[in-house]
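Visitor: Got a structure for you, questions after.
The values are calculated or read from the model by the stated rules, or taken from the named source; none is laboratory data. Only a predicted model underlies this, so the values are computations on that prediction, with no experimental measurement involved. Neighbour counts run over all protein chains shown; Cβ positions are idealised from the backbone, glycine included. Remember, those area values only see protein heavy atoms, side chains included, never the ligands or the DNA or RNA. Shrake-Rupley method; radii C 1.70, N 1.55, O 1.52, S 1.80 Å.
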Amino acid sequence: MKKIFLIFFLYLTVSSCDVIDQEPIDSVSTQSLFKLPSDADAAIIGTYRYLANLGPNYIYFAELPTKNSKGNALNRQFEQLNNLIIVADNSQFTGLWDQQFVLINSANVVIAKVPGIPGMADAAKNSVIAEARFLRAFVYFNLVRYFGAVPLITTPTESPDVKSLQVSRTPVAEVYTQILADLDFAKLNLPETHTGLGKTGRATKAAAFALGARIHLTRKNYPLAIADANQVISKRGETLSVAYANLFLTKNSAEAILEINYDTQLQNSLATTFLPGSLGGTRTIEVNNDIFNAYETGDLRKDATYGFANAANYMKKYSRGGTKDDNIIVFRLAEVLLAKAEALAETSYPSTDAVKLLNEVRKRAGLAAINPATIADFRTALYKERRLELCFEGHEWFDIVRTGRLQSVLGITDINKAIWPVPSVEIARNPKLQPQNPGY
């Protein structure tokens, strides 16, 4: 924890097309930045920069412990996670933990400082604050799914004093209360679209409702999941018109609800990690034959997702090996359709509407419509569609856990493994994080 909060030089930078010159904030007590309305935009763009830093781990940690991927000896920590050797001293967990709390502190700075900017309309202030609260909700939702109880910090860290940095863990139920409060504010105050600075990579109302649908589905609150999905569908429709391959070949496609945007000035490691050497990568994460063989004949998603080189398959959703600037899709319409379909079916089955939404995803993939006879059949079909539709986009581990399939899919019999250990280095820095999660 100490490392997380001591190093806060928030260089507020954006992509090359939106570069701004800003004084770095070396302490959240610094008042020089938050003087003009334009400073609010600069500050929230800085918070999105931390989301960009987190982006690759958002993908890796949801895929490595599943049968979608294979780690190898090029990265021992990845290989451990892929082999379901989940240990507290894996340095990858430390990075995952740190990145998220850095982002949370940045969001907290925005939430605390923007209200005091003179000459800025209340609606404009609330819009920026809503972005910060959306990002805080998104990150805390991920944290509780990774680690269970975590420190709930909603104000900026203003002192390097060790005691102030050592914060105890908060029960998951209380963290969810804050997540939902942040989300409600975001739904109310986020704009429908953005113009100007960083417009293509910022949260909107649709993103807030998509996050709501994901949260409520995870918590099995199906009526609220349906309601939030309907809010997205009312804005975006329920037809998937973008060719599957173009979701990844084209940045910020018409189906995208929120993408983490990268460019040659703000790069990521995704293409390097998944592509083979002949295409500029290291293929540190390989394709597992289990998913490669799971596609039906004629499924257009297979050729759009995989290539073959150097005597092995590789995953090509992230294909910009030269520029290293593939975007990361956080939310898109297909996920929302599948979330609504699942919630409808779990509420009452048979459900014509649930089957229709499932078949919309299959239709875009070039597959025939199906009509599962029972809820068990529907679940089997839906889980498969979610896996193939959303693979390598940050979903599979969470889907397996929330649907209670750790044993049936991965052979994990210890339910404690549904969440991961708090990194041992963080407990050494902050003993208040004890006790460690059960089973570790």
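Visitor: Name every residue in segment 340-365 that is acidic (Asp, Glu) and touching a residue at least 24 places away in the same chain (Cβ under 8 Å), in order of residue number.
Guide: The first filter runs over segment 340-365 and keeps only residues acidic (Asp, Glu), leaving 342, 346, 353, 360.
Listed by number, the residues that qualify are Glu342, Glu346, Glu360.
Visitor: Still on this model: Need the failing condition index for Gly212 against (1) touching a residue at least 60 places away in the same chain (Cβ under 8 Å); (2) surrounded by 18 or more Cβ atoms within 10 Å (Cβ to Cβ), just the number.
Guide: (1)
Visitor: Please go through segment 292-308 and pick out each residue that is of a type in the set (Val, Ile, Thr) and in contact with a strand residue (DSSP E or B) (Cβ under 8 Å, 6 or more places away or on another chain). Break it down into steps so the answer makes sense when it comes.
Guide: Step one: filter segment 292-308 for residues of a type in the set (Val, Ile, Thr), giving 297, 305.
Residue satisfying the conditions is Thr305 alone.
Visitor: Next up: Looking at Arg236, Arg283, Arg301, can you tell me which residue is farther than 28 Å from Asn359 by Cβ and among the basic types (Lys, Arg)? Even if it seems obvious, please write down each step before you answer.
Guide: On the way: Arg236 fails: farther than 28 Å from Asn359 by Cβ; Arg301 fails: farther than 28 Å from Asn359 by Cβ.
Within the list Arg236, Arg283, Arg301, the selection yields Arg283.
Visitor: Sticking with this one: Could you tell me which numbered condition Leu64 fails, if it satisfies all but one of (1) out of contact with any Pro (no Cβ under 8 Å at 6 or more places or on another chain); (2) modelled with pLDDT under 95; (3) surrounded by fewer than 19 Cβ atoms within 10 Å (Cβ to Cβ)?
Guide: (3)
Visitor: Ok, one more. Does segment 293-300 contain any residue that is more than 19 Å from Arg332 (Cβ to Cβ), open to solvent by 30 Å² or more (accessible area, probe 1.4 Å), without any contact (Cβ under 8 Å) to a residue 40 or more places away in the chain and out of contact with any Pro (no Cβ under 6 Å at 6 or more places or on another chain)? Break it down stepwise before answering.
Guide: Of all residues in segment 293-300, those more than 19 Å from Arg332 (Cβ to Cβ) come to 293-298.
Next, only the ones that are open to solvent by 30 Å² or more (accessible area, probe 1.4 Å) stay: 293, 296-298.
From the residues that got through so far, the ones that are without any contact (Cβ under 8 Å) to a residue 40 or more places away in the chain too are 293, 297.
Imposing the further condition that a residue be out of contact with any Pro (no Cβ under 6 Å at 6 or more places or on another chain) reduces the set to 293, 297.
Yes, because at least one residue in segment 293-300 is more than 19 Å from Arg332 (Cβ to Cβ), open to solvent by 30 Å² or more (accessible area, probe 1.4 Å), without any contact (Cβ under 8 Å) to a residue 40 or more places away in the chain and out of contact with any Pro (no Cβ under 6 Å at 6 or more places or on another chain).
Visitor: For segment 345-357, state whether one or more residues are part of a loop (DSSP other than H, G, I, E, B), farther than 27 Å from Leu51 by Cα and in contact with a Leu (Cβ under 7 Å, 6 or more places away or on another chain).
Guide: If we filter segment 345-357 for residues that are part of a loop (DSSP other than H, G, I, E, B), which is where we start, we get 348-351.
Imposing the further condition that a residue be farther than 27 Å from Leu51 by Cα reduces the set to 348-351.
Of the ones still in play, those that are also in contact with a Leu (Cβ under 7 Å, 6 or more places away or on another chain) are 351.
Yes.
Visitor: I'd like to check something: does segment 413-422 contain any residue that is surrounded by fewer than 19 Cβ atoms within 10 Å (Cβ to Cβ), part of a loop (DSSP other than H, G, I, E, B) and not aliphatic (A, V, I, L, M)?
Guide: Taking segment 413-422 first, the residues surrounded by fewer than 19 Cβ atoms within 10 Å (Cβ to Cβ) are 413-416, 418.
In the following step, the residues that additionally are part of a loop (DSSP other than H, G, I, E, B) were identified as 413-414.
Still in the list and also not aliphatic (A, V, I, L, M): 413-414.
Yes - at least one qualifying residue is present in segment 413-422.
Visitor: Pairs please, first residue from segment 423-440 and modelled with pLDDT under 95, second anywhere and aromatic (Phe, Trp, Tyr) and buried (at least 18 other Cβ atoms within 10 Å of the Cβ), Cβ atoms under 6 Å, 6+ apart in sequence or on different chains.
Guide: As it stands, the answer is Pro423/Phe93; Pro423/Trp97; Glu426/Trp97, since those pairs meet every condition given.
Visitor: Would you mind stating whether Gly116 is small (Gly, Ala, Ser) and farther than 24 Å from Leu36 by Cβ?
Guide: Working: small (Gly, Ala, Ser): yes; farther than 24 Å from Leu36 by Cβ: no.
Spelling it out, it is not the case that Gly116 is small (Gly, Ala, Ser) and farther than 24 Å from Leu36 by Cβ.
Visitor: Continuing with the same structure: Which condition does Phe392 not pass, out of (1) under 21 Å from the mean Cα position of the chain (by Cα); (2) buried (at least 19 other Cβ atoms within 10 Å of the Cβ); (3) farther than 24 Å from Tyr314 by Cα, if it passes all the others?
Guide: In the conditions (1) under 21 Å from the mean Cα position of the chain (by Cα); (2) buried (at least 19 other Cβ atoms within 10 Å of the Cβ); (3) farther than 24 Å from Tyr314 by Cα, Phe392 misses (3) alone.
Visitor: So, one more: Quick test of your reading of the structure: Leu12 fulfils all but one of (1) under 19 Å from Thr200 (Cβ atoms); (2) open to solvent by 30 Å² or more (accessible area, probe 1.4 Å); (3) modelled with pLDDT under 95. Name the failing condition by number.
Guide: Every listed condition holds for Leu12 apart from (2).
Visitor: Tell me whether segment 255-270 contains one or more residues that are farther than 25 Å from Arg402 by Cα, open to solvent by 30 Å² or more (accessible area, probe 1.4 Å), modelled with pLDDT of 95 or more and in contact with a strand residue (DSSP E or B) (Cβ under 7 Å, 6 or more places away or on another chain).
Guide: no
Visitor: Filtering segment 232-252 down to residues that are under 21 Å from Phe138 (Cβ atoms) and over 18 Å from the mean Cα position of the chain (by Cα), which residue is surrounded by the fewest Cβ atoms within 10 Å (Cβ to Cβ)? Explain how you work it out, then say what you get.
Guide: To start, the set of residues in segment 232-252 that are under 21 Å from Phe138 (Cβ atoms) comprises 232-233, 235-236, 247, 251-252.
Then keep just the ones that are over 18 Å from the mean Cα position of the chain (by Cα); that gives 233, 235-236.
Numbers: Ile233: 20, Lys235: 14, Arg236: 18.
Only one residue tops the list, namely Lys235.
Visitor: Just checking: which of the helices (runs of 4 or more DSSP H) contained wholly in segment 83-201 hold 2 or more residues that are modelled with pLDDT of 95 or more and out of contact with any strand residue (DSSP E or B) (no Cβ under 7 Å at 6 or more places or on another chain)? It would help to see each step written out before you state the result.
Guide: Working: elements: 91-113, 122-147, 162-165, 172-189.
In segment 83-201, the matching helices (runs of 4 or more DSSP H) lie at 91-113, 122-147, 172-189.
Visitor: Across segment 217-231, what is the total count of residues that are open to solvent by less than 80 Å² (accessible area, probe 1.4 Å) and either in contact with a Ser or Thr (Cβ under 6 Å, 6 or more places away or on another chain) or among the charged types (D, E, K, R) (or both)?
Guide: Counting residues in segment 217-231 that are open to solvent by less than 80 Å² (accessible area, probe 1.4 Å) and either in contact with a Ser or Thr (Cβ under 6 Å, 6 or more places away or on another chain) or among the charged types (D, E, K, R) (or both) gives 2.
Visitor: Quick test for you: out of Thr403, Thr347, pick the one residue that is open to solvent by 50 Å² or more (accessible area, probe 1.4 Å) and of a type outside the set (Asp, Glu).
Guide: On the way: Thr403 fails: open to solvent by 50 Å² or more (accessible area, probe 1.4 Å).
Result: Thr347 is the single residue among Thr403, Thr347 that is open to solvent by 50 Å² or more (accessible area, probe 1.4 Å) and of a type outside the set (Asp, Glu).
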